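Each remark here refers to the structure printed beneath this line.
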Amino acid sequence: MTIEYLKTSRPDTERAEDDAKVRAIVEGTLADIEARGDLAVRDLSEKFDGYTPDAFRLTQDQIDALIAEVAPRDLEDIKFAQQQVRNFAQAQRDSMLDIEVETMPGVILGHKNIPVQSVGCYVPGGKFPMVASAHMSVATASVAGVPRIIACTPPFKGKPNPAVIAAMHLGGAHEIYVLGGIQAVGAMAIGTETMAPVDLLVGPGNAFVAEAKRQLYGRVGIDLFAGPTETMVIADDTVDAEMCATDLLGQAEHGYNSPAVLLTNSRKLAEETLVEIDRILTILPTADTASASWRDYGEVILCETYEEMLDVANDIASEHVQVMTDRDDWFLENMHSYGALFLGPRTNVANGDKVIGTNHTLPTKKAGRYTGGLWVGKFLKTHSYQKVTSDAAAAEIGAYGSRLCMLEGFVGHAEQCNLRVRRYGGQNVPYGAAAE
């Protein structure tokens, strides 16, 4: 392969040191929440957010008052975006069918898709109020039919953010808490005196939220391990440097550690994009954040062929992959590890993040190798069932089952089968023997 790195990011060893520090802090904080409940949550909220209301859960009157603060146009935009998310989530839900089949005479097998009974949705908002994250988690859970949806978001500049609260309420949240960080995720999963625990945690967050979800996984379900936002632009000379630079920096502004990668087979485009990024950073209002991400986590990778670009892209497995080439559909056909694809210059990641309808909670840190992103199916559990409706089937399946149980040495298992052979097949099978 002829791959050249025109710009590289911080080494993995430095990132691992950062992860270890976060891990230790989260472990101690979750233990504190488990031990002290509401008192720990209140102390943590005061420490990290300077926010200690009488109650973290909003009343309906408080919700109504906050929604009244949202400008009419903003409210309409929120409703439009949620409708797009609901439309796509409903189409996905409609594709998930309960089934029942007769696999042999008298043997009925099936499965049912059953909603998770309670979900905790985390909506980031301490630095940027992530209105769209409420659509992705709360509205999607609502489409799935989850009977208890609770939502947590941190205060924004010392108070609840009206637009985020509106999105949570319109999305279908049954309980809304103004609570952020580890304390929100921990309270939802562990439970406190005033908050019943949930069965599933979903939603993006900073490194501490992501690590808290990782440590709580098993105690509750989670959507996925979501780390810092990642973006990759795969481009050839069919597009220009302004578009590539804009799409890279548009995601780099998420945080100080958001990887952004340009993957191209055009040296001219690569070099011009580096120049264009420097230019945009002089005028971008969020340049403090975006420039730090680009400095420490930005990469420009020059390949010779499209096949090399494909191999590198699949290996990196970026969260957002913007494809702008003369063969976008070829990448769609051959990409197998990523969060979501954005195909063609008319498409962009910001539309996916905010309004177009696909879910923006996506796998990071190479998790796209084994999972897709959040979708309506994540809020559903597929449970199987079986029933035998004839004596003949009970005896036949029982005979096979008995022999296979004895093959493994499970005598008690075999007797479950033998009992059916005797009852429904009229055969006298001695205890502990295999049915013939």
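Axis of helix 411-425 versus longest Cα principal axis of the chain: the two differ by about 60°, to the nearest ten degrees. To the nearest 10 degrees, how steeply does helix 287-297 sit against the main Cα axis of the chain, on a 0 to 90 scale? With rounding to tens, the tilt is 60 degrees. Give the shape of the stretch 86-153 as rounded, prolate or oblate, defined through the alpha-carbon gyration tensor: a ≥ b ≥ c are the square roots of its eigenvalues, a/c under 1.5 means rounded, and otherwise the shape is prolate if a/b is larger than b/c and oblate if not. Prolate is the answer for the stretch 86-153, as a/c is 1.5 or above and a/b outweighs b/c. Partner lysines whose Cα lies under 25 Å from the Cα of residue 365, excluding those fewer than 8 positions away in the same chain, are identified as 7, 21, 127, 213, 354, 378.
Remark: the Cα gyration tensor places the stretch 158-304 in the prolate category, a/c being 1.5 or greater and a/b exceeding b/c.
Going by accessible surface with a 1.4 Å probe and the largest first, 294, 330 read 330, 294. Mean separation of Cα pairs under 8 Å and 6 or more residues apart, divided by the residue count, gives the chain a relative contact order of 19 percent. Averaged over residues, the count of other Cβ atoms within 10 Å places the peptides 344-356, 248-260 in the sequence 248-260, 344-356, highest first. For the stretch 117-202, just say rounded, prolate or oblate: build the C-alpha gyration tensor, square-root its eigenvalues into a ≥ b ≥ c, call rounded for a/c under 1.5, and beyond that prolate if a/b exceeds b/c, oblate if not. Oblate, since a/c reaches 1.5 and b/c is not below a/b. Place a point 7 Å from the Cα of residue 103 along the Cα-to-Cβ direction; which residues of the stretch 417-436 have their backbone N under 15 Å from it? The answer is none.
Other residues lying with their Cβ under 12 Å from the Cβ of residue 162 contribute a combined charge of -1, Lys and Arg counting +1, Asp and Glu -1.
Using a Gaussian network model of the chain whose springs link C-alpha atoms within less than 10 Å, name the residue from 241, 392, 340 with the highest mean-square fluctuation. Result: 392 has the largest fluctuation of those listed. Listed by chain and number, the aspartates and glutamates whose C-alpha is less than 12 Å from the C-alpha of residue 112, apart from same-chain residues fewer than 8 away, are 98, 100.
A 1.4 Å probe run over the chain, with the rest of the protein chains in place, finds 47 Å² accessible per residue.
The angle between the Cα long axis of helix 38-49 and the longest principal axis of the Cα atoms of the chain comes to about 20 degrees, rounded to the nearest 10.
Other residues within the sphere of radius under 14 Å centred on the Cβ of residue 109, judged by their own Cβ, net out at -1 (K and R +1, D and E -1).
Once the C-beta distance of residue 330 and residue 10 is scaled by a Förster radius of 25 Å, the resulting FRET efficiency is 0.20 to the nearest 0.05.
Under 5 Å from the amide H of residue 125 lie the amide H atoms of 130, each residue being 5 or more positions distant or on a separate chain, with H modelled from the backbone and absent for Pro and chain starts. For the pair residue 95 and residue 371, the difference between a 0.36 nm per residue extended length and the Cα-Cα distance amounts to 97.5 nm. Take the Cα of residue 17, go 7 Å toward its beta carbon, and the backbone nitrogen atoms of the stretch 291-335 under 16 Å from that spot belong to 296-297.
Proximity of backbone amide H atoms, modeled 1.01 Å from N, is registered between residue 51 and 46 at under 5 Å, excluding neighbours fewer than 5 places apart on the same chain. Extending 7 Å from the Cα toward the beta-carbon at both residue 387 and residue 193 defines two label points whose distance is 4.8 nm.
The values are calculated or read from the model by the stated rules, or taken from the named source; none is laboratory data. Bear in mind that the values here come from a model prediction, so they are computed numbers and not experimental data. All Cβ positions, glycine included, derive from the backbone under ideal geometry; neighbour counts span all protein chains shown. Just the protein is used for accessible areas: all its heavy atoms, side chains included, with ligands, DNA and RNA removed. Shrake-Rupley method; radii C 1.70, N 1.55, O 1.52, S 1.80 Å.
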